[in-house]
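Everything on this sheet refers to the single structure shown next.
The values are calculated or read from the model by the stated rules, or taken from the named source; none is laboratory data. Note that the structure is a prediction, hence the values are computed from the model and not measured. All Cβ positions, glycine included, derive from the backbone under ideal geometry; neighbour counts span all protein chains shown. In case anyone asks, the SASA skips ligands and DNA or RNA and just uses the protein heavy atoms, side chains included. Shrake-Rupley method; radii C 1.70, N 1.55, O 1.52, S 1.80 Å.
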Amino acid sequence: MAMVAGQRAGGAQMPPTRRRYNGAWIARRTLLWVLNLFFLFFFLFPLYWQTVTSFRPENELGTTPIQWFPTHFDLSHYYNVFNGPVSFAQNILNSVIVSTAATLLSLLIGTFSAYALARLPLPAKRTILVLVIVMVTFPGIALVAALFIFLRDAHLTNTYWALILPYCAFSLPFAIWVLTSFFRDIPPELSEQAEVDGCTPLQSLIRVILPLSMPALVTAGLLIFIGAWNEFLFAYTFIDQPSMQTVPVSIYYFGGLHNLPWGEISAAAEVVSLPIIALVLIFQRGIVQGLTAGSLKG
Amino acid sequence: MSASTISVPDAASSSVTGRIRSPRIPARLLLLLPAIIYLAVLTQAPFILTLWYSVHKWILDQPDLGRPWVGIENFKYAITQDTVFQQAVLTTLIITVLIIAVSLLLGLGFALLLNRKFFGRGVVRALMIAPFFVMPTVNAVVWKNFFLDPIIGLFDWLLTSLHLARVDFLTSYPKLSIVAIASWQWTPFMMLILLAGLQGMSEEVREAARIDGAAGWAEFRHITLPLLARYIELCILLGTIYVLNLFGEIRVATQGGPGTESTTVPYYVYQTIHDYNDVGSAAALGVLAVVFASLIAAGLLRLLVRTFREGQA
């Protein structure tokens with residue numbers, strides 16, 4: 001392989017930072033690039049195809065030979081999506097309300113307990129943390145029947161609470177875990193100083209720890225938001241009124257509303273995927289850290 | 001507390017030592033209580049209810065039957081007689097193992113590629129994460145209609161242009177179709193964790209190995225892979241926990257079919273409550289699903305702890 005040859009040619013005596021720009025090096029770089037592009041193409045193609053399809057006029061859909069590139073942009077699918085029998089805009093609004101509320105609620109509760117777990121002397125801390133992790137492994141499907149009956153008896157089905165409450169419950173362990181590991185890394189002297197100056201633990205949390213923890217809060221919040229935004233099982237089971245449904249469920253029902261609605265499906269998929277992908281790209285550094293830190297520390 | 005501090009030295013205990021001052025326990029517990037109460041009410045109480053339902057016969061649309069106590073009848077039926085459930089357990093195992101294996105291997109390959117510096121690496125990495133955050137139902141809808149459709153899907157176009165026979169993937173290979181759909185989504189996740197592992201590796205160790213003559217495959221096999229073992233296990237553990245609960249993809253793409261061929265445990269639990277209105281059986285199946293998931297998670301955790309200790313020794 002070119003890579004091996006390059007390493008040998010580099011020689012053991014050379015410092016690792018200097019490189020020789022010979023044929024083998026160029027071949028290695030090219031191979032790396034080609035492999036990367038191949039992978040990237042493979043993984044992004046579904047997203048590309050969905051985008052192209054959403055802009056394609058109705059009469060050009062499903063034609064052979066396949067047109068790999070868009071010829072002209074047509075926005076009619078987007079128009080149809082927002083003017084169908086059930087307003088897709090309403091579904092988006094439902095999703096935004098439910099996901100935002102669940103995120104804020106679980107960050108609020110999660111911050112308090114993470115602070116207690118990271119900073120305050122409490123008995124059986126490790127046991128509590130382990131129990132919190134065990135909660136993550138709890139399959140949602142096992143609780144669906146009981147939660148449904150609970151929500152029905154409390155007259156909460158077909159309300160936003162039917163989703164906010166369970167979403168928060170299932171994201172709370174993640175919030176506690178990520179925030180605890182972040183709070184631990186903040187030098188204890190900072191909050192101790194505040195307490196010497198007369199702050200209560202709660203005040204030192206709000207005035208000292210929280211401002212320093214914005215990156216962790218943003219990351220955990222984003223991941224919780226996306227998780228709630230994408231959730232299907234609860235959304236599908238606890239809500240059956242079309243005007244209260246969230247986006248994943250309305251996408252699922254799209255097939256029944258139109259005749260082979262390729263264009264509309266793609267347009268709807270674009271509308272709900274692009275903001276999330278944009279958020280992920282903007283905050284990608286934090287998200288990568290959140291995903292790995294939340295799972296690797298401990 | 002002090003005994004456990006000695007035997008398990010970690011970040012948590014170091015922050016505890018020497019800082020136990022005034023007994024302000026009530027205020028501290030007050031901070032922790034909301035989370036505990038919340039989790040107890042919304043996850044543990046429903047689970048206790050589930051246990052309660054599981055020993056009763058309760059069919060929602062037959063209220064005249066009442067809710068008679070049936071003991072372990074629901075469990076006995078599921079384990080010994082319910083062939084759909086037995087098949088669903090097997091299907092769940094097959095699908096989970098395949099999804100984890102495929103996405104782990106692809107993720108490892110891509111992590112190794114991305115670990116080498118090249119122009120535009122940041123952009124490539126950022127773009128690669130995108131599939132993981134795509135809505136699973138959208139993902140399944142797109143794959144079902146644009147790729148796997150037997151008449152107008154792109155895979156069909158590929159087959160016919162190669163003069164091969166048409167294949168209705170979702171009917172002929174429902175399990176593999178689900179595996180393809182979910183692996184596409186999970187590969188970026190595996191890649192991210194493994195890349196973090198690779199980048200945390202010290203360059204000196206590799207350099208030393210290279211000087212000792214290890215290169216290419218040998219370096220990967222004897223240096224990279226052992227150092228990556230903990231991250232690989234983590235990928236398997238986290239992936240398994242989530243993939244065991246796969247539901248939306250199956251609901252959209254195959255509806256558990258054809259017949260019950262792609263019916264997994266979660267999907268079967270859903271059918272039992274939603275289609276048959278059988279709360280008792282669904283609860284029993286749910287309890288079995290929890291046991292099933294816990295056994296797998298516990299096994300994996302033990303593996304994780306053991307290899308982690310070996311790595312430190």
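Selection of the stretch B:145-163 for residues being part of a helix (DSSP H, G or I) and either open to solvent by less than 70 Å² (accessible area, probe 1.4 Å) or in contact with a helix residue (DSSP H, G or I) (Cβ under 7 Å, 6 or more places away or on another chain) (or both) yields B:N145, B:F146, B:F147, B:L154, B:F155, B:D156, B:L159, B:T160, B:S161. Please verify whether B:S172 is more than 10 Å from chain A (Cβ to nearest Cβ) and within 15 Å of B:V252 (Cβ to Cβ), treating the condition exactly as stated. So B:S172 does not fit the description; no.
Tell me, which helices (runs of 4 or more DSSP H) lie completely within the stretch B:1-70 with 3 or more residues that are at pLDDT below 90 and within 9 Å of chain A (Cβ to nearest Cβ)?
Numbers: elements: B:2-7, B:11-16, B:25-39, B:45-54.
Passing ranges, in order: B:11-16, B:25-39.
Cβ separations smaller than 9 Å between residues 6+ apart or across chains give the following pairs from the stretch A:124-144 residues that are touching a residue at least 24 places away in the same chain (Cβ under 8 Å) to residues that are surrounded by fewer than 18 Cβ atoms within 10 Å (Cβ to Cβ) and in a loop (DSSP other than H, G, I, E, B): A:L129/A:G298; A:I133/A:G298.
For first residues located in the stretch B:262-273 and more than 8 Å from chain A (Cβ to nearest Cβ) and without any contact (Cβ under 8 Å) to a residue 40 or more places away in the chain, partners that are of a type in the set (S, T, N, Q) and open to solvent by less than 10 Å² (accessible area, probe 1.4 Å) and lie 6+ apart or on another chain with Cβ distances below 8 Å form the pairs B:Q271/B:T263. Only helices (runs of 4 or more DSSP H) whose full extent lies in the stretch A:106-213 are considered here, and the ones with at least 3 residues that are within 30 Å of B:L49 (Cβ to Cβ) and open to solvent by 20 Å² or more (accessible area, probe 1.4 Å) are A:125-136, A:141-153, A:161-185.
Is it true that B:I193 is buried (at least 19 other Cβ atoms within 10 Å of the Cβ), over 19 Å from A:T137 (Cα atoms) and at pLDDT 85 or above? Step through it out loud before you land on a result.
Working: buried (at least 19 other Cβ atoms within 10 Å of the Cβ): yes; over 19 Å from A:T137 (Cα atoms): no; at pLDDT 85 or above: yes.
The answer is no for B:I193.
Each residue in the stretch A:19-63 was checked for being β-branched (V, I, T) and at pLDDT below 80, and 1 pass. In the stretch B:247-259, the qualifying residues are those that are over 17 Å from B:L288 (Cβ atoms) and not in a helix (DSSP H, G or I), and the one that is nearest to the other protein chains (Cβ to nearest Cβ) is B:Q255.
Checking each residue in the stretch B:164-205 for being free of Cβ contacts under 8 Å to residues at least 40 places away in the same chain, part of a helix (DSSP H, G or I) and of a type in the set (V, I, T) picks out only B:V205.
Could you check the stretch B:101-137 and list, in sequence order, the residues that are within 7 Å of chain A (Cβ to nearest Cβ), among the aromatic types (F, W, Y) and within 20 Å of A:W229 (Cβ to Cβ)?
So the first thing to find is which residues in the stretch B:101-137 are within 7 Å of chain A (Cβ to nearest Cβ), and the list is B:110, B:113, B:116, B:118, B:124, B:126-131, B:133-137.
Narrowing the set further to residues that are among the aromatic types (F, W, Y) leaves B:110, B:118, B:133.
Within the stretch B:101-137, B:F133 is the sole residue that qualifies.
Can you tell me which residue is farthest from the chain's Cα centre (by Cα) among those in the stretch B:273-288 that are open to solvent by less than 10 Å² (accessible area, probe 1.4 Å) and among the hydrophobic types (A, V, I, L, M, F, W, C)? Out of the qualifying residues, it is B:V279. Would you mind stating whether A:L296 is open to solvent by 10 Å² or more (accessible area, probe 1.4 Å), at pLDDT below 85 and either facing chain B (nearest Cβ under 8 Å) or closer than 28 Å to B:L237 by Cα (or both)? Judged against the criteria, A:L296 is a match.
Just so you know, in the stretch A:218-229 the residues that are open to solvent by 30 Å² or more (accessible area, probe 1.4 Å) and more than 10 Å from chain B (Cβ to nearest Cβ) include one that is nearest to A:T246 (Cα to Cα), and it is A:F225. Taken over the stretch B:193-209, the criterion of being in contact with a helix residue (DSSP H, G or I) (Cβ under 6 Å, 6 or more places away or on another chain) and facing chain A (nearest Cβ under 7 Å) is satisfied by B:I193, B:A196.
Of all the numbered requirements in (1) among the hydrophobic types (A, V, I, L, M, F, W, C); (2) open to solvent by 40 Å² or more (accessible area, probe 1.4 Å); (3) more than 12 Å from chain B (Cβ to nearest Cβ); (4) within 22 Å of B:M128 (Cα to Cα), A:I282 misses one, and that requirement is (3).
Only residues that are within 12 Å of another protein chain (Cβ to nearest Cβ), among the polar types (S, T, N, Q) and over 17 Å from the mean Cα position of the chain (by Cα) were counted across the stretch A:246-274, and they come to 2.
Pull up the stretch A:22-48, narrow it to residues that are touching a residue at least 12 places away in the same chain (Cβ under 8 Å) and open to solvent by less than 70 Å² (accessible area, probe 1.4 Å), then point me to the one that is farthest from B:G109 (Cα to Cα). Steps first, please.
As a first pass, look at the stretch A:22-48 and keep what is touching a residue at least 12 places away in the same chain (Cβ under 8 Å): A:22, A:24-25, A:27-28, A:31, A:47.
Pick out the ones that are also open to solvent by less than 70 Å² (accessible area, probe 1.4 Å) and you get A:22, A:24-25, A:27-28, A:47.
Values: A:N22: 26, A:A24: 22, A:W25: 20, A:A27: 19, A:R28: 16, A:L47: 21 Å.
The selected residue is A:N22.
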